[in-house]
Amino acid sequence: MTNKSTSLSFKRFFFLLKQAIAGSEQDYTTGSIRKAVFLLAIPMIMEMMMESVFAVVDIFFVGKLGNEAVATVGLTESVLSLVYSVAIGLSMAATALVARRVGEKNLDGAAHAGIQTILFAVVVSVIIALTGVYSAESILHLMGANNKMIADNIVYTRIMFGGNIVIMLLFLINGIFRGAGDASIAMRSLWIANICNIILCPLLIYGWGPVPALGLKGAAIATTVGRGIGVMYQLYRLFIRKGLLHFYAAQLRPHKELLLQIVKIGSTGTIQFLVSSASWIFLARLMAGFHEAAMAGYQVSIRLLIFFLLPAWGMSNAAATLTGQNLGAGKPERAEQSVWTTTLYTVIFMFCVSLFFYLFGTPVVNFMNSDPQARHYAIQSLRIVSLGYVFFGIEMVMMNAFNGAGDTRTPTVVNLIAFWLFQIPLAWVLSKYYIKEPRAIFYAILISQVVAAALSYYLFKKGKWKTVKV
C-alpha cells in the first residue's frame, strides 16, 4: 500500500511538473493553493536558474580577460542596475494590472494594460540609451574606474546602455505573462535569450575561425543579441492570440488614464528598486576604494550569490501573481494564505543555499577565479552574506506580495530604511573607521537583510495591502 501510494505521488508530481513547464494562462483564484504555487513557481524557478547560469558563465568567460575586465563589467552592471530598476518597476505595474484584471475576469482590460506598458517602456528606453551612450566615460569615472580601464573597455559600457531596450522589454513582457498566470512563456523567453548568449559569449570574446576575438566588446554584443532574440520570441507569443489575452495593434494608441496608472505603480516600483540598486552602486564604489583584487573577488561572489538567489526570486514571484489575481476576485484571505505557503518553500530553499556556501564555497570560487587574493575576498563574502539568506527569502516573498497587490510604496519604504538608514551608513563607518577592510561591507549587507525581513513581515501582518485599489 505504501509503495502504491509513493508511486501515485511520483506520478502526480511529474504530471504537475509537465503541466507547469507546458504552461497556459490560468486563473488561480480557485483550487489548491499548493498546486497554484507549484504551477507558477516551477517555470519561474527554471527561468531564473537559466538567468543564474548566464550570470556565472558570463563572469567565467570575462574572468579569463583579467581583473580589469571583471571590474569594468562590475562597475557597468552596478550602474545598469538603475536600468533594471526601471524595467522591474514597469514589470511590477504590468503584473499587478494584468493579474488584477484577470481576477476580475476583464481580459480585454488586462491586454490593454499590457500593451500600454510596453509603449511606455519603449519611450523610456530610448531616453536611457541616448543618455548612457553619450555619458559612458563620465559614468565610469564617477564609479572610480582608472583612465586605462576606461580607455580599454568603454565600448562595453556604451553597447550595454545602447541596447537597454532589450533588457527593458525582456523584464516587462515577462511581467505581463506572469500576471496572466502563464509563467512558462516567461521561462522560455529567458531560456532562449540566455542559451543564445552562452553560445555567442565565448565565440565573440575569444574568436573562432573567421570570427575575430572582440574581448569585452564581444561580451556586450553577445548579451544584447541574445536578449534581443528572447524579446522577438516574446512579441511573437504576445500577438498570436492563443491564450487568455488577445492583443491588437489598436491597443497601442496612448490611453491617458491607463498610462497615468502605469506611471503611478511603475514609478514607485522603480524607486523601490532604485533605492536598493543605488545602495549596491555605493557599495561597489566603497569596494573600489580598496584594490582591484577585492573588487574582482566581490564581483565573483555577487555573481555566485545571485546564481542561487534568482531561483528563489522566481519562487517568490508566484506570490505576486496569486496576490493580484485573488484580490481581483475579492478573496484577500486566499491571497494571504498563498503568500505564507510561498514563504515556507522559499525559506527552506534559502537555508539549503546558505549551508551549501558554508560547506562548498571554497572549491566553487577556486573554479571561478585563479587570483589568490580575489579568491580570498570572494570566499569571505559568500560565507558572511549567505548567513542572511533565510531573512532575504522572507523579504523577497513579502515584497512580491505587496507589489502584486499594487502596493509598491510599502516595499520602497522598507528599502529606504534597510539600505539607506542601515546598510550604507554601516558599511561606510565600518570600512573607514573600524574594520577597514572589505569584510566590513559584507557584514553591513548581512545586517540590512535581517532589518528588511523584520520590517516586511511586520507590515505584511498589518494587512493594509488587502485594501489597495488598482
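The values are calculated or read from the model by the stated rules, or taken from the named source; none is laboratory data. Computed from a prediction, not measured in an experiment: that's the story for all the values here. Quick reminder, even Gly has a Cβ in these numbers, built from the backbone with ideal geometry, and neighbours come from all protein chains shown.
Of all the listed residues (237, 227), the sole one being farther than 18 Å from residue 111 by Cα, of a type outside the set (Ser, Thr, Tyr), under 27 Å from the mean Cα position of the chain (by Cα) and at pLDDT 75 or above is 227.
Within the range 299-316, identify whether any single residue is basic (Lys, Arg) and under 20 Å from the mean Cα position of the chain (by Cα), and answer yes or no. Among the residues of the range 299-316, at least one is basic (Lys, Arg) and under 20 Å from the mean Cα position of the chain (by Cα), which makes the answer yes. What do you reckon, is residue 122 within 24 Å of residue 185 (Cβ to Cβ), of a type outside the set (Gly, Ala, Ser), surrounded by fewer than 23 Cβ atoms within 10 Å (Cβ to Cβ) and over 18 Å from the mean Cα position of the chain (by Cα)? Spelling it out, residue 122 is indeed within 24 Å of residue 185 (Cβ to Cβ), of a type outside the set (Gly, Ala, Ser), surrounded by fewer than 23 Cβ atoms within 10 Å (Cβ to Cβ) and over 18 Å from the mean Cα position of the chain (by Cα).
Picking from residues in the range 63-78 that are of a type in the set (A, V, I, L, M) and crowded, with 23+ Cβ neighbours inside 10 Å, the one that is farthest from residue 334 (Cα to Cα) is 69.
Only one of the listed residues (51, 68, 137) is without any contact (Cβ under 8 Å) to a residue 60 or more places away in the chain and among the acidic types (Asp, Glu). That residue is 137. Of the residues screened, residue 222 is one that is within 21 Å of residue 163 (Cα to Cα), small (Gly, Ala, Ser) and assigned to a helix (DSSP H, G or I). Within the range 299-348, the set of residues being over 19 Å from residue 28 (Cβ atoms), modelled with pLDDT of 90 or more and crowded, with 24+ Cβ neighbours inside 10 Å is empty.
When the range 196-219 is filtered for residues that are touching a residue at least 40 places away in the same chain (Cβ under 8 Å) and outside any helix (DSSP H, G or I), only 215 remains. Contact map, the range 275-296: first residue modelled with pLDDT under 75, second residue of a type in the set (S, T, N, Q), Cβ cut-off under 7 Å, separation 6 or more or different chains; pairs are 277/81; 277/85; 292/67. None of 250, 293, 284 is surrounded by fewer than 16 Cβ atoms within 10 Å (Cβ to Cβ) and part of a helix (DSSP H, G or I) except 250. Taking the options 132, 89, name whichever one is among the small types (Gly, Ala, Ser), in a helix (DSSP H, G or I) and free of Cβ contacts under 8 Å to residues at least 60 places away in the same chain. The conditions single out 132. When 358, 345 are checked against the criterion of being assigned to a helix (DSSP H, G or I), more than 19 Å from the chain's Cα centre (by Cα), of a type outside the set (Lys, Arg) and within 22 Å of residue 49 (Cβ to Cβ), a single residue qualifies: 358. Among the residues of the range 254-270, is any in contact with a His (Cβ under 8 Å, 6 or more places away or on another chain) and part of a helix (DSSP H, G or I)? Yes, there is a match, as at least one residue in the range 254-270 is in contact with a His (Cβ under 8 Å, 6 or more places away or on another chain) and part of a helix (DSSP H, G or I).
Given the structure, is residue 318 closer than 29 Å to residue 427 by Cα and out of contact with any His (no Cβ under 7 Å at 6 or more places or on another chain)? Against the criterion (closer than 29 Å to residue 427 by Cα and out of contact with any His (no Cβ under 7 Å at 6 or more places or on another chain)), residue 318 does not qualify. If you check residue 103 against the conditions, is it touching an Asp or Glu at 6+ places or on another chain (Cβ under 9 Å), on the phi < 0 side of the Ramachandran plot, in contact (Cβ under 8 Å) with a residue 40 or more places away in the chain and surrounded by 23 or more Cβ atoms within 10 Å (Cβ to Cβ)? The answer is yes for residue 103.
Please go through the range 201-247 and give me each residue that is buried (at least 16 other Cβ atoms within 10 Å of the Cβ), farther than 14 Å from residue 64 by Cα and hydroxyl-bearing (Ser, Thr, Tyr), ordered by number. If the condition is that a residue be buried (at least 16 other Cβ atoms within 10 Å of the Cβ), farther than 14 Å from residue 64 by Cα and hydroxyl-bearing (Ser, Thr, Tyr), then 223, 224, 233 are the ones that fit.
State all residues of the range 142-200 that are on the phi > 0 side of the Ramachandran plot and either touching a His at 6+ places or on another chain (Cβ under 7 Å) or buried (at least 21 other Cβ atoms within 10 Å of the Cβ) (or both); if no residue qualifies, say none. Residue satisfying the conditions is 181 alone. Residues of the range 415-464 that are touching a Ser or Thr at 6+ places or on another chain (Cβ under 9 Å) and charged (D, E, K, R): 437, 439, 464. Just one residue in the set 440, 378 is over 14 Å from residue 276 (Cβ atoms), among the small types (Gly, Ala, Ser) and without any contact (Cβ under 8 Å) to a residue 60 or more places away in the chain; that residue is 440.
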